[in-house]
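Reviewing the structure listed below.
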Amino acid sequence: MASDDDELQNLGYKPSFKREFSNLATISFAFSIMGLCSSVSTTFNTPLLSGGPSSVVWCWILGSCMCFTLGSSIAEIVSAYPTCGGLYTASAKLCPEKHRAIVGWIVGWLNILGQVAGISSTEFGLSNMILAAVSLSRPSFTITPGMTVGLFAGLLCVHGLLNSLATRYLAFATKGFVFINLGATFVIIIVLLATTPRSDMHSAGYVFGTEGIVNGTGGWNIGIAFLLGLLSVQWTDYDATAHISEEVRRAAYAAPSAIFIAVIGTGLIGWIFNIVLILCSGPLENLPGPTGSAVLQIMADRMGTPAALFLWVFVCLTAFFVSQTALQACSRTVYAFSRDHGLPDAGYFGQVSRSTKTPLRAIWATTIFSILPGLLDLASPTAANAIFSATAMALDTSYIIPIFLRRLYANHPEVDFKPGPFYMGDGLLGWAANVTCILWTVFVCIIFSLPNDLPVTPLNMNYSSVITVGVIVLSLVWYFAGARLHYHGPQSNVEHASEGGKPRDDDKSEELKEKA
């Protein structure tokens, strides 16, 4: 841990957190943010109803392979810059000094937008999953927008309270997330296969072949309809582990390794899960069913309502963990951005509580910010869905900027990229991974911009590109209008920790308390 803190100070930041996350807790955190069975459950309807069963299966594995190059490229940068600012901090350090402020500003706001929208959409999805279970058990139950939004806001407040705990409690709880996440997925796979008669299982042609290709878009050609299935696998936060790296032991090793392992594991196990769901799905015309969730309907049809509801509890619990870890990661981003004076708060949210050693102000600011998009659903579901849909595009854009800058300014005298322990090198492997993930991300951002149905109306319009570009434009206007006067890129706070090279008295007392 002393080595970790020395490395952090070399990057310009005073250690402010306790390093309580072990290797297991860090890997569990990375798996939890990706969700696996809950992520599949909340996004399954889109590929199934747009491109058909084959789109579900093939788009998942195709997207997973491409996301493996993205995850590897992100891990490489996180290993070199293990700070809670994550790729926001790295972006500014990977370009010449005259561009650092504006690059850091844009990437910071994109990353925060993507994470806040991601928390809101995940929590909203969890609310719908819980109410879908109630609807399945009580068919006469009527779900209203007020119920969904109320449950959504309540769940976010619970996550805010849990994230307010000291780091050691967060690390201890996080260790168990991975076992529930993976365990629930494997149990559902086994039970579905055991309870589905062989005669009711679909053929290989339906699961993998042309029999399973269906154009449900109402206007797009079959190719676009098929590719809309990519939306399910791209909907995750790959750099979340980077944002807790100041709380991780041996961060330069553990944080990138956790990203690498989680991307591989989620991709392969998720593919098996999708195959089994399609294999046991029954007639396509019966889905998504009265509950509105195709996965829950498939489980109820095959294993019976009581067993489906029992296992659905663990799927919902997995989604609960996604929101928990996402809120923790986003609050650290808000903290880091405020610490660098990127927010108009005079560094108010860039403070760590003395009692819990966590950024309580940033945690509750993130909680409140994440509630706001959900409240829009009461006035305009279209507006709320527009913000939710910006998650993947905003996050992916913030990911590829530092990857691109690392290659563009590799030999610039003002850019000193020192590879961490996780390094793919400057040979063919490293270049292939970086170039592939950049091209792939640009491609899927185009897919993200397409509406799922034609003809386009104000109600089914995909506003993700409008919101993402709007944030970039507004952030630039804000930057040149006045933010450039107080924000100059990532700012070292090490000098504030000492006077004349000696620790201040309050730092001495804190150090003595820690030793005691």
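The values are calculated or read from the model by the stated rules, or taken from the named source; none is laboratory data. Predicted model only: the values in this text are computed from it and were never measured. Methodologically, a virtual Cβ is constructed for each residue, glycine included, from the backbone with ideal geometry; neighbour enumeration extends over all protein chains shown. Surface areas here come from the heavy atoms of the whole protein model, side chains and all, with no ligands, DNA or RNA. Shrake-Rupley method; radii C 1.70, N 1.55, O 1.52, S 1.80 Å.
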For this session: Report, to the nearest whole %, how much of the accessible area of the chain belongs to carbon and sulfur atoms, 1.4 Å probe, protein only.
Result: 67 percent
Exercise. With every protein chain present, what accessible area does residue 418 have (1.4 Å probe, heavy atoms only), rounded to the nearest 10 Å²?
Worked result: 130 Å²
For this session: Can you tell me the 0 to 90 degree angle between the C-alpha axis of helix 381-408 and the longest principal axis of the chain, rounded to 10?
Result: 50 degrees
Exercise. What accessible area, in Å² to the nearest ten, does a 1.4 Å probe give for residue 202?
Worked result: 40 Å²
Exercise. Between residue 286 and residue 157, what is the label-to-label distance in nm when each label sits 7 Å out along the Cα-to-Cβ direction?
Worked result: 4.1 nm
Exercise. Which one is right for this structure if semi-axes √(5λ) of the Cα gyration tensor in Å is calculated from it: (1) 44, 24, 20; (2) 41, 33, 25; (3) 39, 24, 22?
Worked result: (3)
Problem set entry | Sequence of 76, 414, 20, 211 when ordered by accessible area, the most exposed leading, probe 1.4 angstrom | 211, 414, 20, 76
Problem set entry | Residue-normalised accessible area of the chain, given per residue in Å² at a 1.4 Å probe | 39 Å²
Exercise. Summing -39500 (n - 2.57) over the DSSP H runs of n ≥ 4 in the chain and dividing by its residue number, what mean residue ellipticity at 222 nm do you reach, to the nearest 500 deg cm²/dmol?
Worked result: -22000 deg cm²/dmol
Problem set entry | Nearest-10 value in Å² for the accessible area of residue 236, using the 1.4 Å probe | 20 Å²
Problem set entry | Cβ-placed point charges (K, R +1; D, E -1), dipole of the stretch 239-385 about Cα centre in debye, nearest 20 | 540 debye
Exercise. What distance in nm separates the simple spin-label points at residue 477 and residue 416, each placed 7 Å from Cα in the Cβ direction?
Worked result: 4.0 nm
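Hey, if we sort 431, 271 by accessible area with the 1.4 Å probe, largest down, what's the order?
Working: 431 115, 271 65 Å².
So, going from the largest accessible area down, we get 431, 271.
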Problem set entry | the chain: Lys pairs at Cα distance under 17 angstrom, eight or more positions apart or on different chains | 12
Exercise. For residue 138 and residue 351, what is the calculated FRET efficiency with R₀ set at 45 Å and r taken between the beta-carbons, to the nearest 0.05?
Worked result: 0.45
Exercise. What are the principal axis extents of the Cα atoms in the stretch 1-146, in Å, biggest first?
Worked result: 61, 33, 31
For this session: Take the Cα of residue 165, step 7 Å along the line toward its Cβ, and report every residue of the stretch 351-392 whose backbone nitrogen sits under 17 Å from that point.
Result: 355-360, 363-364
Seminar exercise, completed: So the angle from the long Cα axis of helix 23-34 to the longest Cα principal axis of the chain, reported in degrees to the nearest 10, equals 50 degrees
